[in-house]
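Notes to accompany the following structure.
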Amino acid sequence: MWKLFAVLSAVFAALTSILAKIGIKGVNSNLATAIRTVVIIFLSWGIVFATGAQHGIKGLTRHNWTFLTLSGIATGLSWLFYYKAISLGNVSQVAPIDKSSIVLTLLLSFLILGEQFTTKTLIAGALIIAGTFVMLW
């Protein structure tokens, strides 16, 4: 089931870039990011309440709060920089650089989480890096 969710994530991430580029025309990138964030807040909390997940808030630890907050800050900064980049450049050039975060994620998962690389992972990472350079060349 996780593969289906991963594919859906990719589809909506692609739509995000295209829709954002269309919507950001003539709009300050920080304002556009803030509007997007408000929409996401309502959507996320709507899903939480619709599924009854709000009851899990009481069970969150200080550790959960700390790392979820840091993740939120990283997400916010990523969005701010992404929107600035697409406001100045072509989505077809910005997106490959943005998606090179896959390689950074693989590296950080090894360094921080202790996840192991396989030969397949190393080859795929190298191909992603090569593909990013080809797209930008």
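The values are calculated or read from the model by the stated rules, or taken from the named source; none is laboratory data. The structure presented is a predicted model; accordingly, all values stated were derived computationally and were not measured. Here the Cβ positions follow ideal geometry from the backbone for every residue, glycine too, while neighbour counts run over all protein chains shown.
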Quick check on segment 92-101. Is at least one of its residues β-branched (Val, Ile, Thr) and within 17 Å of the chain's Cα centre (by Cα)? yes
Counting only residues that are outside any helix (DSSP H, G or I) and loosely packed, with under 13 Cβ neighbours inside 10 Å, segment 90-106 contains a total of 1
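Rundown of residues vs (1) assigned to a loop (DSSP other than H, G, I, E, B); (2) surrounded by fewer than 10 Cβ atoms within 10 Å (Cβ to Cβ); (3) of a type in the set (S, T, N, Q); (4) outside the structural domain of residue 105 (by TED's automatic domain parsing), yes/no style:
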position: 36; (1), (2), (3), (4): no, no, no, yes
position: 40; (1), (2), (3), (4): no, no, no, yes
position: 45; (1), (2), (3), (4): no, no, no, yes
position: 54; (1), (2), (3), (4): no, no, yes, yes
position: 58; (1), (2), (3), (4): no, yes, no, yes
position: 64; (1), (2), (3), (4): no, no, yes, yes
position: 67; (1), (2), (3), (4): no, no, no, yes
position: 76; (1), (2), (3), (4): no, no, no, yes
position: 79; (1), (2), (3), (4): no, no, no, yes
Residue pairs meeting the criteria (Cβ under 6 Å; at least 6 apart or on separate chains; first free of Cβ contacts under 8 Å to residues at least 40 places away in the same chain, in segment 125-137; second in a helix (DSSP H, G or I)): 125/103; 125/106; 128/102; 128/103; 129/103; 132/96
If residue 109 meets every condition in (1) at pLDDT 90 or above; (2) part of a helix (DSSP H, G or I); (3) more than 19 Å from residue 15 (Cα to Cα); (4) out of contact with any Asp or Glu (no Cβ under 9 Å at 6 or more places or on another chain) apart from one, which number is that one? (4)
Can you tell me which residue in segment 23-67 is modelled with the highest pLDDT, limited to those that are within 30 Å of residue 89 (Cα to Cα) and among the charged types (D, E, K, R)? 36
